[in-house]
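Shown next, in structure tokens, is the structure this report addresses.
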Amino acid sequence: MDPAALRRTVIATAAFGCAAIVAGPALTEERLTGFNADIRESSVSGISSGAFMAIQFATAWSSVIKGVGVVAGGPYWCAKADADDFMNGYTLPIMNATGPCMSGPPTELGSSFAKADAKSASGDIDPLRFVSQQKVYVFHGFNDALIASSVTDAAAEFYRHYLGVANRGNLYYQTTIGAGHSFVVAQDPHIADLNDCRESASPFIDQCDGYDQAGIILQHIYGALNKPNRGQLRGTIKRFDQSVYTEPRDPSPLSLGDTGYVFVPRECEDRAACRVHIALHGCKQDVGDIDRRFVDDTGYNAWADNNRLIVLYPQTQVSWYLPYNPQACWDWWGYVDQSDSYVTKSGAQIRTIKAMLDALTARAAPPTAVVPAPAVAPDSLTVIDTSDSGADLAWAPQTAATAYRIWRAGTDGQFAAVADVAGPSFADSGLTPVSAYRWRVSAIVGGTEAPASMEAAATTRATPAPCAQPGTCPIVK
């Protein structure tokens, strides 16, 4: 996402008046197949412009999106595009997008709350009480040379506002990894031409000391998962015609590509119960710019293959005129329709992604009644990530559990209850850097607390040293 190139869209606006600002070969099928996937178990993540779109989509459709991953993105309605921008020649949103929404800090975060509140009240997005139930992962690499930390700070604050104190453990915010502007993967000798950690350059996928971002995001949303398949994938990557889901409009006027991709595990093909995760690439990460690198190399498919997760990869494309979107970014400044609809259910790109999600979940089996089960200790408690002041915990969910109680022990060795949480993950916070902690989790079923789980232990990371030039900041292992 190059701010200078994006700013050139202002010149295009002045010229055009009301023009918009702006794993092997895949099998091909015209339409997406429906699977036995409950739409209420869906989730979304994205990097850069995809992170902004992930927040927009997850907020607009919060009743069906249970979790969201935000990598190098800012808050809802950050660019503040609105219908009355014709008075400024549609230049204000692009100036916001390339200014405070990238270099930070975003202006008037209260306006993001006000816009979300108003759109929820009008029915243009789902009731915001569903946002308070979402599991949220936010990430800023301290070598990110394109997006300032104050921008992701604002994204985290947007979610804190709606999660409230009771659900504070749903938000995990990681700022201690030395990545550049990128999606982060663990080192893999089988994948060539990925960036070293700290780079902010194409293909915007950095390898950082074993940091498996896809796995952390998915487990923060869904709880402890089976290990990823690091060998030959059993599932299939399929191409599909995106124009089926942009109707009655063509993809090009929406700056969307003709072809999208989806990874489908073999078990999902066989009608097993599955879930859908939507993975949104960033600017200059569409197939026209980096081929299938985002689809193949970000690590989602390996986790999906062993965990019955369908991964949807919608695609944008470069557009040089109507709309002007030269870096194939997702629409987070209103470049398609020059109004605030881009952050609502009626937004052209949000509507398209939702149509794809509807298609993939079209054959979901009717929900079955939960069979009462005795309360037992949760299984597979794992510390999936740590920062300098927090730790992200995940465990295997229990069907009948109404809540989970988190117990923590510091250096004194005494366990104390720190929170109750819904769902099989918890982001602990307020911890001391470079300090050892232990955790246990107990399930609460019908008001009865089960025995606590086995312990999981971890040491928090060091706080990165102040650094004025991201991209050059030292990474201390």
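The values are calculated or read from the model by the stated rules, or taken from the named source; none is laboratory data. Only a predicted model underlies this, so the values are computations on that prediction, with no experimental measurement involved. Cβ coordinates were reconstructed from backbone atoms using ideal geometry, including for glycine residues, and neighbour counts include every protein chain displayed. The area values use the complete protein model at the heavy-atom level, side chains included, leaving out ligands, DNA and RNA. Shrake-Rupley method; radii C 1.70, N 1.55, O 1.52, S 1.80 Å.
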Review point. What is the local net charge at Tyr222, summed over the other residues whose Cβ is closer than 12 Å to its Cβ (Lys, Arg +1; Asp, Glu -1)?
Key: +3
Review point. By how many nm would the segment from Val418 to Val434 lengthen if fully extended, with 0.36 nm per residue of separation less the alpha-carbon distance?
Key: 3.8 nm
Check your understanding: At a Förster radius of 41 Å, what calculated FRET efficiency corresponds to the Cβ-Cβ distance of Arg249 and Thr463, to the nearest 0.05?
Key -> 0.25
Study note, to complete from the structure: Subtracting the Cα-Cα distance of Glu269 and Asp188 from 0.36 nm times their residue separation yields 26.3 nm
Practice item. Take the alpha carbon gyration tensor of region 185-234, find the square roots of its eigenvalues, order them as a ≥ b ≥ c, and report rounded if a/c is under 1.5; if not, report prolate when a/b exceeds b/c, else oblate. Key: oblate
Point to revise | Helix-only mean residue ellipticity at 222 nm for the chain, each DSSP H run of n ≥ 4 adding -39500 (n - 2.57), per residue, nearest 500 | key: -6500 deg cm²/dmol
Review point. Counting only protein heavy atoms and using a 1.4 Å probe, what share of the accessible area of the chain belongs to carbon plus sulfur, as a whole percent?
Key: 53 percent
Check your understanding: From the cross-link list Lys66/Lys238; Lys284/Lys477; Lys115/Lys284; Lys66/Lys115; Lys227/Lys345; Lys80/Lys135, which pairs have alpha carbons spaced over 27 Å apart?
Key -> Lys284/Lys477; Lys115/Lys284; Lys227/Lys345
Exercise for review: Compute the accessible area per residue over region 220-376, keeping the other protein chains in place, probe 1.4 Å, unit Å².
Suggested key: 37 Å²
Point to revise | Computed FRET value (nearest 0.05) for Asp258 with Thr33, which takes r as the C-beta separation and R₀ as 22 Å | key: 0.75
Point to revise | Dipole in debye (nearest 20) - region 121-279, about Cα centre, beta carbon charges: Lys, Arg +1; Asp, Glu -1 | key: 640 debye
Practice item. Find the accessible area per residue for region 77-151; the probe is 1.4 Å, ligands and nucleic acids are left out, and the unit is Å². Key: 36 Å²
Exercise for review: Return the distance in nm (one decimal) between the two label points of a simple spin-label model at Tyr321 and Lys227, each offset 7 Å from Cα along Cα→Cβ.
Suggested key: 5.6 nm
Review point. Expressed as a rounded percentage, what relative contact order does region 178-317 have, with Cα pairs under 8 Å and six or more residues apart?
Key: 27 percent
Check your understanding: How big is the charge dipole of the chain about its Cα centre, in debye rounded to the nearest 20, if each Lys and Arg gets +1 on its Cβ and each Asp and Glu gets -1 on its Cβ?
Key -> 700 debye
Revision key, fill the gap. Length gained, Arg129-Ser150, 0.36 nm per residue minus C-alpha separation, equals 5.0 nm
